[in-house]
Structures are given as C-alpha cells and as structure tokens.
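Notes to accompany the following structure.
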Amino acid sequence: MPNELTPADWLELYVQMRRMRAMEERAEELYRAEKTVGRIYTGRGQEAISVGSAYALGPADALAPLYRDMGAHLVRGVTAREIFSQYLGRAESSNRGKDSGLHLIAPERGIAVSMISNLTASLPVAVGLALAFQLRQEPRVAITYFGDGSTSTGSFHEGVNFAATRRLPVVFVCENNQWALSTPNHKQFALERLADRALGYGIAGVQVDGNDVLDVYAKTKEAVEQARRGDGPAFIEAVTMRMQGHSVTDPAQYVPKEMLAEWQARDPIDRFGRFLREQGALDDEQEEDIGRQLAEEIDEAVAYAESQPFLPAGEAVRGVYKVETPTATPPPPPAGPTRELTYRAAVREALLEVMERDERVFILGEDVEYGGVYGITREFLERLGPERILDTPIAEIAIIGAATGAALAGLRPVAEIQFADFIAPAMDLLVNMTARYHYRTETPVPLVIRAPAGAILTPHGSTGPFHSQNPEAWFAQSPGLKIVVPATPYDAKGLLLAAIADPDPVLFLEQKGLYNDKGPVPAGEYLVPLGQARLAREGSDLSIITYGAMVPQALLAAGLLAAEDVSVEVLDLRTLVPLDEEAVLATARKTGKVLIAHEATRLAGFGAELAALVAEKAFDYLDGPIVRVTAPDAPVPATLPLAEFHLPNAEKIAAAGRELAAY
C-alpha cells in the first residue's frame, strides 16, 4: 500500500472512479437517445488504470490519454460540463463539434495531446513532448496510454525505441484489456506478458493489476520518478478486462461468458469500495452522499451542455490552418549584401542563421549529425551542440511524431526525411494527426519537414525508382499541411525561413536536382511569403505554370521559343499549398494559352488541379487546350537513356509549347 496516500486520497480515487463510470453510463444513454456526436467508447472495468496513473503525476506533467481514459481527464480537472459538451459536439467544447468523443485537449491541465482514432498515433507525439522536456532540461514527465492491440503497430515500436535510445522522460501505459476490438491477445502477440516487450528496448517493464487502483498508482509513481530522475522510459502493462464491447454498439458476443463473470468479480470500483470499508474510510452514509452528488453533478452538466449552441455551419471550413491566407504584400527586400550561392548552400545558411538566433529551432532526422546525405547539416553538431542537432533511428514515424510533440510543447522542430520517397511510413501520422491538429483543437503545430525530392541525372544514370519521387500530390489532399517547392537559391533560403516562422506544419520539398545550381542570395535573414507565386519571365503568347525543378527547364524552353518569335510567360508557383490562385488565373487570362509542367507523374498530379482551376475560372479567356508536360505514369528508371526519355525537360516543354502556340 502506498505510504504517502492518506484516507482522503483514497476517497478521492474512489470518487473519481465512480464519477467516470457514472458519466460514461449517462453518455451511453445520451447516445441511445441520439444526442451525442459519434459513438461512445467506455472504460468500464478499466477505471483504476486512468485514475490511479494520473493521480501519480506531478502538476506540470503531460498526458496523452485515449478514449477509455476519462478518469485521467477527471483527475486533471477536466469538468463534467466540458466532457458532456464535447460528447454533444457543442461550440464551446474542446473540438467545437469538429471532432467527437474524448478527443479533447486541455494543455493548461496537462491533457497535452488530443487523441485521434488511429490510436497509437499519440504515442510518438507524447515521446516528442518528453523530448522537449529533456532538451529544455525541465523536470517534467509525459505519460501515454494505448491498448494491447496497439503494441502490434509501427508507431508503437518506433516511438518506444526512439524514447529508449534517448532515455526520454516518458511512461508508456499499456491497458491490456484482453481484446483488440474482437481479436483476442493470442492472435495479436505470442508473449505471455506484454511487459516483457520492454526488455527488447532496454527499458524498465512492469506488470500491474489494472483493477487495483493502489497498485496502479504505486507502480506509476515509481515509473514517473524514475523518468524524472533521468533514468529513462518505463513500460507499464496494466492487466484488466474491457467489460463492454469496443463501443456501446458492440454486443461483444465474441467474449466468453465465463470470462466476463470472472472479471466482473474483480470490478475495480467494488473492490476498492470494500477496501475502504475495511479501513474505516467509507460507510453507507458516505456512499449514498457520493451517489447523490454525482447524480446532481451529471444532471447539471448534461443540462448545461444541451443548452449550448452548435458552431455555425460556415465554421466547417474554417480553422484548417492557424494562418489561413498568405500576407497580401511581400516584405521589403533584404538589406544585406548579395552573394552567389548554390541552392544547397542557401538551405544550409537559412538553417544556421535561424538556429543561431532562435533556440527553439532544432533539427532531427537520420544521419543529420554527420551532415545528412547531401551535407547540408555538416558541422552543425560542432557549432550548435547535441541539443540542437539530433540523430534518430531509421524511423520516419518517430521522427514526425517526435517533431509534432515537440512543436506542441513550444519548440520549432525541423525534421529531415532523408529522401522524400521514404516519407510513406509516416504518412498516417503526418496526415491524420499533425495536419488535422489545428482544425480539431485550434492549437498550432509549428514544424517543418525537409525532404529532398525529385531525380538527379549523372553519367552513372538516374537516382532510380526509390530516390526520385515527387510526392507533393500525395499531401496536397491533406488539409492543414502546407507544401513548399522552391526553385532558386534565393527562394530556398527565404521560403525555408518563412516555413520555420509559420505556425502551421510545412512540407518543404527541396529539389535535389537543383542543389548545385547557383543564384544570388542576400546575407542575413529574409522571408519569402508562403502562397505568393513569382513571375519568373513575362510574356504574351502563352503561359508556362510550373514549380520546383521544372522552373529552370521552363525558362530554357521559353528561351528556345523566343528564338521562334513566341513570347512565353513563366510562373513559378513556389508554394502549392497555399496556392496563389490569383497569379495562376492572371497569367492564364493574360495569354489565353496555358501549359503546365511538373516532374511528377501525370495521373492525378498537381498539374491536374491547376488545369481544373484554370478551366473553372478562366475558361472564357482560353484560346487553346490546357496542356500538361509531366513524367509518364511509370517509376523513374535507373539507366541514363531510360531516365532521359522518362523525365520532362526544356526540349519537351518547348515542343508542347510550340504546338500550343500554333493552335
């Protein structure tokens, strides 16, 4: 029995478990009355885990709870009014009706991560919170919750492994409730004890009785203090039983009746109530008072929630970004002297300048301490120190998750994905957690993901099918994520500085085929606003709309056509999201003929979106078909002849422009 707990503490634990159960029972009633938004997922039988573990935390510690962890919210001071307003999707609730269930957030009370339905996504984000605590040398701990089935996911492995390698102050609480929806444990893993997974990561692992609130409290307290001392993460397996279906609509007929009966006899609330009576800390009168007070509290909270309005319908499309629209006027030109720098050197200079000025900015990724594959961060470790440049395991989910958590904790991470082709494992977390976070919670997520994209041609051939992709179209359909594709050294520096200053997550696709291209770059910091295209060349006969590696090719093509008396305008988009629609439409209306060029493949490429925009809003100005010059719908081949045939270039753009000009 934990010595530091008093009978008053015991009673508080008991009341919070009863409050959780009573509130979930009322939520189920409201669901069946068709008053809630979304389904209800209860933690019936698991109350001791969320209540006991949250009670073991310090006031500055941070939690990443899940939908069966209402008790953790209650312990941290989230009120019944707030929870029922959330269940009913009211305007003043945490998610304001844009998300449902216990996906709420209350950072000022330690509920630091708003969960998503892709359950283990919260785990690497909580690891990022712990990383921020460690980097700032704060005596704080993060705790994250997940189910037994979640231990099968890549997010679990990458998050725990990353935390273990850095000895981060984070506690992993696995609520082993025997079932991953309808799949029993023996079909999820071959271990007898999930706590033994900790051995493979070199961290402490312990199994606790998840139906004994005092055991949960004691083991969590020990794990939290271990993490706070700097002794690294801990893994707690809380063995329990989910006493209802996955959601209240699930009859759970797959659970054997004798199993339910066995665990019903170990109900955590009844069990702790008996203990309190044995200790003289609870009697019939107190029990009745608790029940009456909870009923009154819940009645009042439900009535309050039902009296609150919903968000106006128009709010459905607002709040996707912290900054929805770009600055209307560009900033004044930089005052510093201008030098000729390569694209690669411009990216490097931007990072160094901002990191020397702003201690919140740090870099994490694979091999970044060495300098990265392209040498951009070489010698950063010596200049900035190990707290600012962090090597990670080969783990893209952990990189993006940790960056997201660190951003939520107030830092400005720059995550490097070694090649844009390798970002796919992290797509779930980036698209579903990071990109949607501000829309759901109104909390900014200021992070930049640098990813070298596109192909390089050398006498040895191309960079091939797995180091040459351009994934911008994958992410353009992910509301909440901004996409930047610079084409010049000047823009590479100015756009990167703007991306780091932006409060929203930015995917910064560096064009590695342009890394050695030179151009004028001012010394000192300057910002190129996101969402403002650049007119790279003026013309009157046709417009080439392009971005990234195709901008220099388009300019070469324009030169070829100029020799044939065809005046070509070249628009460099710079950023795809937000898109400078007015610039696109202005050039289309001016010349009446539009050619769109990009290095990515054709089908559903970003050029299709540009073509649709011009067709919808500038059709009456067109004097010819909208033409696209892209890579064919095939992977980038390896040999030089095949790759040269595959990739668009100035000659192919000029040929298409020549035909369009003659239309």
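Consider only pairs whose beta carbons are under 8 Å apart and that are at least six residues apart or on different chains; among these, list those whose first residue lies in the stretch 472-483 and is on the phi < 0 side of the Ramachandran plot and whose second residue is open to solvent by less than 40 Å² (accessible area, probe 1.4 Å) and of a type in the set (S, T, N, Q).
481/434; 482/575; 483/575
Return the pair list, or none, for Cβ contacts closer than 6 Å from residues in the stretch 618-645 that are under 19 Å from residue 547 (Cβ atoms) to residues that are among the aliphatic types (A, V, I, L, M) and in a helix (DSSP H, G or I), at least 6 apart or on different chains.
Listed by first residue and then by second, the contacts come to 618/585; 618/588; 626/611; 626/614; 627/656; 627/660; 629/653; 629/656.
Checking residue 254 against (1) within 20 Å of residue 42 (Cα to Cα); (2) of a type in the set (Ser, Thr, Tyr); (3) crowded, with 17+ Cβ neighbours inside 10 Å; (4) touching a Ser or Thr at 6+ places or on another chain (Cβ under 8 Å), which single condition isn't satisfied?
(3)
Among the residues of the stretch 507-530, are any part of a helix (DSSP H, G or I) and within 24 Å of residue 322 (Cβ to Cβ)? Step through it out loud before you land on a result.
Kept after step one, since they are part of a helix (DSSP H, G or I), are these residues of the stretch 507-530: 512-514.
This time we only want the ones that are within 24 Å of residue 322 (Cβ to Cβ), so: none.
Checking the stretch 507-530: not a single residue is part of a helix (DSSP H, G or I) and within 24 Å of residue 322 (Cβ to Cβ).
Just checking, does the stretch 13-26 include any residue being under 24 Å from residue 141 (Cα atoms), among the polar types (S, T, N, Q) and over 27 Å from the mean Cα position of the chain (by Cα)?
Yes, some residue in the stretch 13-26 is under 24 Å from residue 141 (Cα atoms), among the polar types (S, T, N, Q) and over 27 Å from the mean Cα position of the chain (by Cα).
Taking the stretch 198-236 as the region of interest, how many residues are part of a loop (DSSP other than H, G, I, E, B), open to solvent by less than 10 Å² (accessible area, probe 1.4 Å) and without any contact (Cβ under 8 Å) to a residue 40 or more places away in the chain?
Start the filter on the stretch 198-236 by keeping residues that are part of a loop (DSSP other than H, G, I, E, B), which leaves 202-203, 210-212, 229-233.
From what's left, open to solvent by less than 10 Å² (accessible area, probe 1.4 Å): 210-211, 232-233.
Those left that are additionally without any contact (Cβ under 8 Å) to a residue 40 or more places away in the chain: none.
Summing the residues that are part of a loop (DSSP other than H, G, I, E, B), open to solvent by less than 10 Å² (accessible area, probe 1.4 Å) and without any contact (Cβ under 8 Å) to a residue 40 or more places away in the chain in the stretch 198-236 gives 0.
May I ask you to list the residues in the stretch 558-598 that are under 17 Å from residue 662 (Cβ atoms), touching a Lys or Arg at 6+ places or on another chain (Cβ under 8 Å) and among the hydrophobic types (A, V, I, L, M, F, W, C)?
The answer is 558, 561, 566, 568, 595.
Going by what's in this entry, would residue 553 be described as under 12 Å from residue 487 (Cβ atoms) and in contact (Cβ under 8 Å) with a residue 60 or more places away in the chain? Even if it seems obvious, please write down each step before you answer.
On the way: under 12 Å from residue 487 (Cβ atoms): yes; in contact (Cβ under 8 Å) with a residue 60 or more places away in the chain: yes.
Against the criterion (under 12 Å from residue 487 (Cβ atoms) and in contact (Cβ under 8 Å) with a residue 60 or more places away in the chain), residue 553 qualifies.
Look at residue 48 and say whether it is under 28 Å from the mean Cα position of the chain (by Cα), within 28 Å of residue 139 (Cα to Cα), touching a residue at least 40 places away in the same chain (Cβ under 8 Å) and in a helix (DSSP H, G or I). So that I can check it myself, show each step before the final result.
On the way: under 28 Å from the mean Cα position of the chain (by Cα): no; within 28 Å of residue 139 (Cα to Cα): yes; touching a residue at least 40 places away in the same chain (Cβ under 8 Å): yes; in a helix (DSSP H, G or I): yes.
When the stated conditions are applied, residue 48 does not pass them.
Do you know which of the residues in the stretch 35-56 that are open to solvent by less than 20 Å² (accessible area, probe 1.4 Å) and aliphatic (A, V, I, L, M) is modelled with the lowest pLDDT? Explain how you work it out, then say what you get.
Step one: filter the stretch 35-56 for residues open to solvent by less than 20 Å² (accessible area, probe 1.4 Å), giving 40, 42-43, 45-54, 56.
Now drop any that are not aliphatic (A, V, I, L, M), which leaves 40, 48-49, 51, 54, 56.
Values: 40: 95, 48: 98, 49: 98, 51: 98, 54: 98, 56: 98.
My answer is 40.
Got a sec? Which of 369, 353 is open to solvent by 20 Å² or more (accessible area, probe 1.4 Å), assigned to a helix (DSSP H, G or I), of a type in the set (D, E, K, R) and modelled with pLDDT of 95 or more? Walk me through it before giving the result.
Values: 369 fails: assigned to a helix (DSSP H, G or I).
The unique qualifying residue is 353.
Just to check your reading of the model, which residue among 209, 231, 215 is touching a helix residue (DSSP H, G or I) at 6+ places or on another chain (Cβ under 8 Å) and closer than 25 Å to residue 59 by Cβ?
Values: 209 fails: closer than 25 Å to residue 59 by Cβ; 231 fails: touching a helix residue (DSSP H, G or I) at 6+ places or on another chain (Cβ under 8 Å).
Every option except 215 fails the conditions.
Across the stretch 267-283, which residue is surrounded by the most Cβ atoms within 10 Å (Cβ to Cβ) among those that are out of contact with any Leu (no Cβ under 8 Å at 6 or more places or on another chain) and under 15 Å from residue 20 (Cα atoms)?
268
Among the residues of the stretch 12-29 satisfying the criterion of being touching a Leu at 6+ places or on another chain (Cβ under 7 Å) and aliphatic (A, V, I, L, M), which is surrounded by the most Cβ atoms within 10 Å (Cβ to Cβ)?
20
Looking at this structure, is residue 213 of a type in the set (A, V, I, L, M) and out of contact with any Leu (no Cβ under 7 Å at 6 or more places or on another chain)?
No: the conditions fail for residue 213.
Which count do you get for residues in the stretch 123-158 that are charged (D, E, K, R) and either open to solvent by less than 30 Å² (accessible area, probe 1.4 Å) or within 20 Å of the chain's Cα centre (by Cα) (or both)?
Taking the stretch 123-158 first, the residues charged (D, E, K, R) are 136, 138, 140, 148, 158.
Those still in the list that are either open to solvent by less than 30 Å² (accessible area, probe 1.4 Å) or within 20 Å of the chain's Cα centre (by Cα) (or both) too: 148, 158.
Total satisfying the criteria: 2.
Restricting the stretch 63-97 to residues that are of a type in the set (Lys, Arg) and over 27 Å from residue 315 (Cβ atoms), which is nearest to the chain's Cα centre (by Cα)?
Pass one, the stretch 63-97, residues of a type in the set (Lys, Arg): 68, 76, 81, 90, 96.
Filter again for over 27 Å from residue 315 (Cβ atoms), leaving 68, 76.
Numbers: 68: 22, 76: 24 Å.
This residue is 68.
Residue check, residue 66 against (1) open to solvent by less than 30 Å² (accessible area, probe 1.4 Å); (2) in a loop (DSSP other than H, G, I, E, B); (3) touching a residue at least 40 places away in the same chain (Cβ under 8 Å); (4) over 22 Å from residue 127 (Cα atoms), all met but one. Which one?
(4)
The values are calculated or read from the model by the stated rules, or taken from the named source; none is laboratory data. None of these values were measured; they are calculated from a predicted model. Note: ideal-geometry Cβ built from the backbone for every residue, glycine included; neighbour counts use all protein chains shown. To get the accessible areas, we keep the full protein, side chains included, count just its heavy atoms, and leave off ligands, DNA and RNA. Shrake-Rupley method; radii C 1.70, N 1.55, O 1.52, S 1.80 Å.
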